[in-house]
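Structure record follows, encoded as structure tokens.
Nothing in this text is a laboratory measurement; each read-out follows from the coordinates by a stated rule. This structure is a prediction, so every number in the text was calculated from the model and none was measured. Don't worry about glycine lacking a Cβ; one is built from the backbone with ideal geometry, like all the others, and counts go over all protein chains shown.
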């Protein structure tokens, strides 16, 4: 064991804290996706933007106003077909003041074209599975360095993906929550995404966004569905 | 061909975020103009009424009404009365050479060269960091923004701005990306002018390939040099054009 790394019991405890935080976000999102699908299926007649807003906004309000919560913004994005053939519909808000994001796009008849290429929309729609995008600079909503957790919404178990629900978590907020645990794991402990890109690192020479490598013999701990903690990382 | 909104999503992005700052009427107008330039709103399309527009952008109905009035005066929208009435995006509203020339005439050489220096500094910082942080997917996306030499000036202008925004995205710095967006807004439609010149397009294609190659090869110094040359190609073209006035 390297002297800069804590005992494996200590590591397991602190890696577990971070895993619980991220898994909590993922579970909350999955539950929201299920509720949204049920509520959309229960809407009688044509689905309208107003009805979607009414369904989504109260949940976003609760998420972004949770004290010490990780969620900076959240919402729903309709897949083509729910409101119209080429039409999407974005019901997304951010910040404590609930800024309505990208709402003017809802007036464009070809608004779906605006989102189809985005990883956070495309992957859950194509695979029918939840996804995490990033960390990346989010030009559409926050203009910050973020992780976007997205989950497909189904009205029927065997039906098409009618849209996605998602939550933006800024790397800045995650760092505040994760840094203490990482420091206790090791001086060079690093939270990475599946590409090996650092999200938060205790090492001074590894910044968020840098590609890093696991040091030989370091321990690896899963954090949520996609992320890992390396007890010791090296800069590339 | 115009870039479709999906490939231009980032330059559009700033367009639709709620507005809080001063100059609200100008901001609303600017965003609608940008939405038209990037193809999200097209000629003949009906605009939301002032109540809907106000709600969508988080401004007051008064601000929305003033913005619609200003857009009408500028010829960007036209208003029809009656049952099928409302505000519509006018025909021939895309950024024109005439508007760009007007903008160039308002600028001094000092303003152009100083803006060029600022743009070079930010773009070079982005390119240097991007060369350290890029992965294979990043480089593939970056190359997808390199336009063909035959593409029309409007397409070229959008593609160039998207290419540099992608360099900022690869650098993964929110501050540098925001600064780059601000600089591109300052340049406005000016960049349409060199894009109409075949010689400029040929030179620029080579420079875009150089930037992408240096980022792919993870050579920060080469990436910085290439991106500075790319910005200089634009500033030099504009300075040459501007000097013809005298």
Once you have the Kirkwood Rh of the protein assembly as shown from its Cα pairs, apply Stokes-Einstein at 4 °C and 1.567 mPa s and quote D in µm²/s.
-> 54
So what's the angle, to the nearest 10 degrees on a 0 to 90 scale, between helix B:198-216 and the longest Cα principal axis of chain B?
-> 70
Relative compactness, segment B:152-204, computed as alpha-carbon Rg over 2.2 N^0.38 Å | 1.20
Chain B - mean residue ellipticity at 222 nm from DSSP helices (-39,500 (n - 2.57) per run, n ≥ 4, rounded to 500) | -21000 deg cm²/dmol
Under Stokes-Einstein, segment B:85-160 at 10 °C and 1.306 mPa s, with its Kirkwood radius over C-alpha pairs, diffuses with a coefficient in µm²/s of 98
Value of relative contact order over segment A:18-172, rounded to a whole percent, pairs C-alpha under 8 Å and six or more apart | 25
Taking chain B as the reference, fit the longest principal axis to its C-alpha atoms, fit the long axis of helix B:109-133 to the helix C-alpha atoms, and give the angle between the two in degrees, 0 to 90, nearest 10.
-> 70
From other protein chains only, count the Cβ atoms within 10 Å of every residue's Cβ in A:95-108, then give the mean.
-> 6
Highest GNM mean-square fluctuation, chain B, Cα pairs closer than 10 Å: which of B:101, B:142, B:208?
-> B:101
Semi-axes a, b, c in Å (a largest) for segment A:18-172, each sqrt of 5 times a Cα gyration tensor eigenvalue, come to 22, 17, 15
In a Debye calculation with equal point scatterers on the alpha-carbon sites of segment A:184-235 and no solvent, what is log10 I(q)/I(0) at q = 0.14, 0.20, 0.25, 0.28 Å⁻¹?
-> -0.26, -0.54, -0.85, -1.08
Quick one: check the C-alpha center-to-center distance for segment B:169-246 versus segment B:83-104, whole angstrom.
-> 26
Burial ordering of B:225, B:202, fewest other beta-carbon atoms within 10 Å first | B:202, B:225
Roughly how large, in nm² to one decimal, is the mean projection of the convex hull of the alpha-carbon atoms in chain B?
-> 13.7
Take every Cα-Cα distance within segment A:8-95, group them into 10 Å bins from 0 onward, and report for each bin the whole-number percent of pairs it holds.
-> 15, 40, 25, 13, 6, 1
Looking at segment A:111-236, what % of the alpha carbon pairs are farther apart than 18 Å?
-> 55
Stick to the Cα atoms of segment B:97-243, pair each with every other, and give me the Kirkwood hydrodynamic radius in Å at one decimal.
-> 15.1
For chain A, what does -39500 (n - 2.57) per DSSP helix run (n ≥ 4), summed and divided by total residues, give at 222 nm, in deg cm²/dmol to the nearest 500?
-> -11000 deg cm²/dmol
Could you check which residue among A:44, A:108, A:219 shows the biggest mean-square fluctuation in a GNM of chain A with a 10 Å Cα cutoff?
-> A:44
For segment A:26-69, what mean projected area does the convex hull of the alpha carbons give, in nm²?
-> 3.3
Which of these, A:63, A:182, A:43, has the largest mean-square fluctuation under a Gaussian network model of chain A (Cα springs below 10 Å)?
-> A:43
If you line up the long axis of helix A:8-42 against the longest principal axis of chain A, both from Cα atoms, how many degrees apart are they, to the nearest 10?
-> 0
Distance between Cα centroids, segment A:205-236 to segment A:57-109: provide it in whole Å.
-> 32
Can you work out the FRET efficiency for the pair residue B:246 and residue A:175, with r the C-beta to C-beta distance and R0 = 51 Å, to the nearest 0.05?
-> 0.40
